[in-house]
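The values are calculated or read from the model by the stated rules, or taken from the named source; none is laboratory data. All of these numbers come straight from a predicted model, not from anything done at the bench. Every residue, glycine among them, receives a Cβ derived from its backbone with ideal geometry; neighbour counts consider all protein chains shown.
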Amino acid sequence: MEKRYEEATGMYHLTAAEGHILHQIGSDTYPAVHRASTPNPDQWEEIAEDAIPAYSQADYNAAVSAKIRERYDVNAELAVLRQRDSKPDEFAAYNAYAEQCKQQAKAELAARAENGEEVAE
């Protein structure tokens, strides 16, 4: 990433290298930003275009939640979590199912992205 400070404006002008984008740290989106001006360049990072995530954390969280809801509604899930010490077998079954849902969500989101489908829930 090229970084140039302009004293007159107090701004840094950032330019991404070929095949890279500028990404605002902490953001869950990855728009194709190749140039930016900012007072704080430490809020930006350079990411290779082929390293951009296929889906966002929000998409993943929504997919996992939807899968968990196929078996546990909110009240049932809270009950299992609240009783995790008194009913360890039920909690272990819930936890194994939740881990399975996470793996399925990752695989399905990646497949949808690979096929060029919208992944936003």
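Pull up segment 39-70, narrow it to residues that are within 24 Å of the chain's Cα centre (by Cα) and in a loop (DSSP other than H, G, I, E, B), then point me to the one that is farthest from A111 (Cα to Cα). Steps first, answer last, please.
Going residue by residue through segment 39-70, those that are within 24 Å of the chain's Cα centre (by Cα) are 40-70.
Filter again for in a loop (DSSP other than H, G, I, E, B), leaving 40, 52-56, 70.
On the way: N40: 37, I52: 15, P53: 13, A54: 9, Y55: 10, S56: 14, E70: 21 Å.
Result: N40.
The numbered conditions (1) surrounded by fewer than 13 Cβ atoms within 10 Å (Cβ to Cβ); (2) free of Cβ contacts under 8 Å to residues at least 12 places away in the same chain; (3) more than 22 Å from the chain's Cα centre (by Cα) are all true for P31 except (3).
Return the residues of segment 63-96 that are β-branched (V, I, T), touching a helix residue (DSSP H, G or I) at 6+ places or on another chain (Cβ under 6 Å) and free of Cβ contacts under 8 Å to residues at least 24 places away in the same chain; say none if nothing qualifies. Talk me through it step by step, then tell me what you get.
Looking only at segment 63-96, we keep the residues that are β-branched (V, I, T), and these are 64, 68, 74, 80.
Now narrow it down to the ones that are touching a helix residue (DSSP H, G or I) at 6+ places or on another chain (Cβ under 6 Å): 64, 68, 80.
Selection gives V80 alone.
All conditions in (1) out of contact with any strand residue (DSSP E or B) (no Cβ under 8 Å at 6 or more places or on another chain); (2) surrounded by 13 or more Cβ atoms within 10 Å (Cβ to Cβ); (3) modelled with pLDDT of 95 or more hold for Q103, with the sole exception of (2).
Can you pull out every residue in segment 1-34 that is closer than 26 Å to A113 by Cβ and not in a loop (DSSP other than H, G, I, E, B)? Scanning segment 1-34 gives H20, I21, L22, H23, Q24. Each residue in segment 74-94 was checked for being under 24 Å from the mean Cα position of the chain (by Cα) and surrounded by fewer than 14 Cβ atoms within 10 Å (Cβ to Cβ), and 1 of them qualify.
The set of residues in segment 10-21 being free of Cβ contacts under 8 Å to residues at least 24 places away in the same chain and surrounded by 10 or more Cβ atoms within 10 Å (Cβ to Cβ) consists of T15 alone.
With in contact with a Cys (Cβ under 7 Å, 6 or more places away or on another chain) and surrounded by 15 or more Cβ atoms within 10 Å (Cβ to Cβ) as the only criterion, which of I68, I47 stands out?
Exactly one residue qualifies, and that residue is I68.
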